[in-house]
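The values are calculated or read from the model by the stated rules, or taken from the named source; none is laboratory data. Nothing here was measured: the structure is a model prediction, and the numbers come from that model. Positions of Cβ are generated from backbone atoms using ideal geometry, with glycine treated the same way; all protein chains shown enter the neighbour counts. For the accessible areas, the whole protein counts, side chains as well, though only heavy atoms, and no ligand, DNA or RNA atoms are used. Shrake-Rupley method; radii C 1.70, N 1.55, O 1.52, S 1.80 Å.
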Amino acid sequence: MSTLSVPAGTAPATAPPAAKKVTGSAGKRRLPLLPALIFVIAVTQIPFLLTVFYSFQSWNLVRPGSRHFVGFRNYVDVFTDTTFLGALVNTVVLTVVCVFLALLLGLGLAVLLDRKFFGRGFVRTLLITPFLILPAAGALLWKTTMFDPTFGLLHFVFGTDTDWLSQFPLAAVMAQIVWQWTPFMTLLILAGLQSQSKEVLEAASVDGASRWRTFVSITLPHLSRFLQLATLLGAIYIVNSFDAIFLMTQGGPGTASTNLPFYIYQRAFEGFDIGQSSAMGVVVVILTMIVATFALRLMFRAFSVDGGVK
């Protein structure tokens, strides 16, 4: 009985049963994720596409029948709007200063909490508490108990009747945001401190290195990945700050403390200008994506492609 040989280089017409089984099992494992994927697309991508669509139209809700296509005119108006440019500067200043101060304070607190002392668990819980408070509640807390010119804590300490929210609005908002986000930075940096090798620190101590030299030469390089992660996550959240400005200063006096999220809110819900507020939202999203992409590329230099640390 003769057998037919398959010519070399000829692939089988159908996939092997094992490959079909693997593909089918992978599809079954991913099937439960489909509702979550649909939900994410429904609540994020569809609204964003509608925002892009509205950004090419002139549409003011107080003028019925005014909706019509205007092309890129809304974007031209956005970049020639001095208030928008001022809000952009305030957003950059607010984000950079708050991230830097929160990171610096978080580093100092993490170094202190990394040492053993009596009541460390209780102190750690107290330091984490501000991050657990709702942003709106924290903003109202600072507005009434810290910055009130008559009954505020600063009035009691310094003995002055300074209206901090009127004379130093942006600095007052920064103080509240730094207080809110310092515990987050502390937790990330503390995790990095507790992950460093104790043998390396002991070897440095045996070699006669001082604490400051050990911290600069060993601890800080080890913490670089955690500092980058804290900076990236802190910037992403702080750039979208709205509660503190809305509840503490209302963007004022004038536009002294107005940032981009609050200005977009004003144009959309107080000025009822759907077209221009949508264009502002699209511009902010694009700028945020550019900054986030640049920051992620910097972070990927510290982490390997497969997720391992270099």
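Taken as a whole, the structure places ALA102 among residues that are hydrophobic (A, V, I, L, M, F, W, C), touching a Gly at 6+ places or on another chain (Cβ under 8 Å) and part of a helix (DSSP H, G or I).
So which of LEU126, LEU113 is modelled with pLDDT under 90 and buried (at least 16 other Cβ atoms within 10 Å of the Cβ)? Result of the check over LEU126, LEU113: LEU113. Only one of the numbered conditions (1) open to solvent by 30 Å² or more (accessible area, probe 1.4 Å); (2) part of a helix (DSSP H, G or I); (3) of a type in the set (A, V, I, L, M, F, W, C) is violated by LEU94, and that is (1).
Of all residues in the stretch 244-264, those being open to solvent by less than 50 Å² (accessible area, probe 1.4 Å) and not in a helix (DSSP H, G or I) number 7. The residues listed here are SER241, SER224; of these, the one that is assigned to a loop (DSSP other than H, G, I, E, B) and touching a residue at least 24 places away in the same chain (Cβ under 8 Å) is SER241.
For the stretch 233-283, a residue qualifies if it is more than 22 Å from the chain's Cα centre (by Cα) and among the small types (Gly, Ala, Ser), and the qualifying residues are GLY252, GLY254, ALA256, ALA268, GLY271, GLY275. Within the stretch 77-91, the residues that satisfy the criterion of being more than 19 Å from VAL178 (Cα to Cα), part of a helix (DSSP H, G or I) and open to solvent by 60 Å² or more (accessible area, probe 1.4 Å) are PHE79, THR82, LEU85. Taken over the stretch 138-156, the criterion of being part of a helix (DSSP H, G or I) and either farther than 17 Å from GLN176 by Cβ or among the charged types (D, E, K, R) (or both) is satisfied by LYS143, PHE156.
The conditions of being modelled with pLDDT of 90 or more, open to solvent by 40 Å² or more (accessible area, probe 1.4 Å) and hydrophobic (A, V, I, L, M, F, W, C) are not met by LEU287.
Restricting attention to the stretch 161-215, the residues being assigned to a helix (DSSP H, G or I), small (Gly, Ala, Ser) and over 30 Å from PRO253 (Cβ atoms) number 6. Among the residues of the stretch 194-215, are any in contact with a strand residue (DSSP E or B) (Cβ under 6 Å, 6 or more places away or on another chain) and not hydrophobic (A, V, I, L, M, F, W, C)? No, every residue in the stretch 194-215 fails to be in contact with a strand residue (DSSP E or B) (Cβ under 6 Å, 6 or more places away or on another chain) and not hydrophobic (A, V, I, L, M, F, W, C). Residue-level analysis places LEU232 outside the set of residues that are assigned to a helix (DSSP H, G or I), over 19 Å from ALA102 (Cβ atoms) and open to solvent by less than 60 Å² (accessible area, probe 1.4 Å). Of the residues that make up the stretch 35-58, is at least one at pLDDT 90 or above and in a loop (DSSP other than H, G, I, E, B)? Taking every residue of the stretch 35-58 in turn, at least one turns out to be at pLDDT 90 or above and in a loop (DSSP other than H, G, I, E, B).
Within the set LEU170, LEU153, LEU132, LEU104, the sole residue that is buried (at least 16 other Cβ atoms within 10 Å of the Cβ), of a type in the set (A, V, I, L, M) and at pLDDT 85 or above turns out to be LEU170. Take the conditions (1) open to solvent by less than 60 Å² (accessible area, probe 1.4 Å); (2) touching a residue at least 40 places away in the same chain (Cβ under 8 Å); LYS143 misses just one of them, which is (1).
Residue by residue through the stretch 59-76, note down the ones that are assigned to a helix (DSSP H, G or I) and either in contact (Cβ under 8 Å) with a residue 40 or more places away in the chain or β-branched (Val, Ile, Thr) (or both). Across the stretch 59-76, the qualifying residues are ASN74, TYR75, VAL76. Flag set for VAL93, criterion: out of contact with any Cys (no Cβ under 9 Å at 6 or more places or on another chain), touching a residue at least 12 places away in the same chain (Cβ under 8 Å) and of a type in the set (Val, Ile, Thr).
When the residues of the stretch 215-229 are filtered to those that are aliphatic (A, V, I, L, M) and farther than 13 Å from ILE189 by Cα, the one that is surrounded by the fewest Cβ atoms within 10 Å (Cβ to Cβ) is VAL216.
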